[in-house]
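Below: the structure, in structure tokens.
The values are calculated or read from the model by the stated rules, or taken from the named source; none is laboratory data. Just so we're clear, the structure is a prediction, and the values are computed from it rather than from any experiment. FYI the Cβ positions are ideal-geometry reconstructions off the backbone, even for glycines, and counts take in every protein chain you see. With ligands, DNA and RNA removed, areas are computed over all heavy atoms of the protein, side chains included. Shrake-Rupley method; radii C 1.70, N 1.55, O 1.52, S 1.80 Å.
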Amino acid sequence: MLPADESTNDKKELQNLKERKKNMKTTRTIILTLMLVFTAFGTQAQNAKQRMSREQMAETQAKHIAADLNLTGKTYDRFVETYENYKKELWQTAPKCRKKNCRNSETEEQAAEKMRKRFERSQKVLDIRNKYYQEFSKFLTQKQIEQMYDKERKMMKRLSERRRANHGKRR
């Protein structure tokens, strides 16, 4: 065999290897996504009226994002744990009650206090997001972090749209 033929064969083998690796990643992502979907449907099938808890939702969301980011092994596990902790801290900033007060009947002092609390919550959310950005930066690339936030935003948007659609059906 000529040296040029060996080089060509090596290039072809390398290209085939890269393609197989890419196909394996795609297959793994599809399998993980299907597992998440079937797990979610299995949970719903057990008790159709029971909604997913916040914790279950955060875990499912974390696993879905981790699969989309092609995380594996320890990085996958660390991401899921960190993401769940991140969500739990965010939930703690939510207002304690969501009564729809009549805004016309509140005093100026009450309105000012409500605004002050809203700003405090916004600052806490910002502090938590910054804290976990630092934490995610320890084991994810900046592009992966950006993708994570983008996927999270899209998931929350879909969930919100679904809630609106379901709320409209009940009326």
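Yes/no per residue for (1) open to solvent by less than 80 Å² (accessible area, probe 1.4 Å); (2) closer than 20 Å to THR82 by Cβ; (3) among the hydrophobic types (A, V, I, L, M, F, W, C); (4) not in a helix (DSSP H, G or I):
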{"site": "LYS117", "(1), (2), (3), (4)": "no, no, no, no"}
{"site": "ASP127", "(1), (2), (3), (4)": "no, yes, no, no"}
{"site": "GLN144", "(1), (2), (3), (4)": "yes, yes, no, no"}
{"site": "MET155", "(1), (2), (3), (4)": "yes, yes, yes, no"}
{"site": "ARG158", "(1), (2), (3), (4)": "no, no, no, no"}
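If you take the residues in region 78-94 that are under 16 Å from SER53 (Cα atoms) and among the charged types (D, E, K, R), which one is least open to solvent (accessible area, probe 1.4 Å)?
Among residues in region 78-94 that are under 16 Å from SER53 (Cα atoms) and among the charged types (D, E, K, R), the one least open to solvent (accessible area, probe 1.4 Å) is LYS87.
How many residues are out of contact with any Phe, Trp or Tyr (no Cβ under 9 Å at 6 or more places or on another chain) and open to solvent by 50 Å² or more (accessible area, probe 1.4 Å) when one looks only at region 53-63?
Qualifying residue count for the region: 3.
Quick check on region 129-142: of everything there that is of a type outside the set (A, V, I, L, M, F, W, C) and part of a helix (DSSP H, G or I), which residue is surrounded by the most Cβ atoms within 10 Å (Cβ to Cβ)?
TYR132
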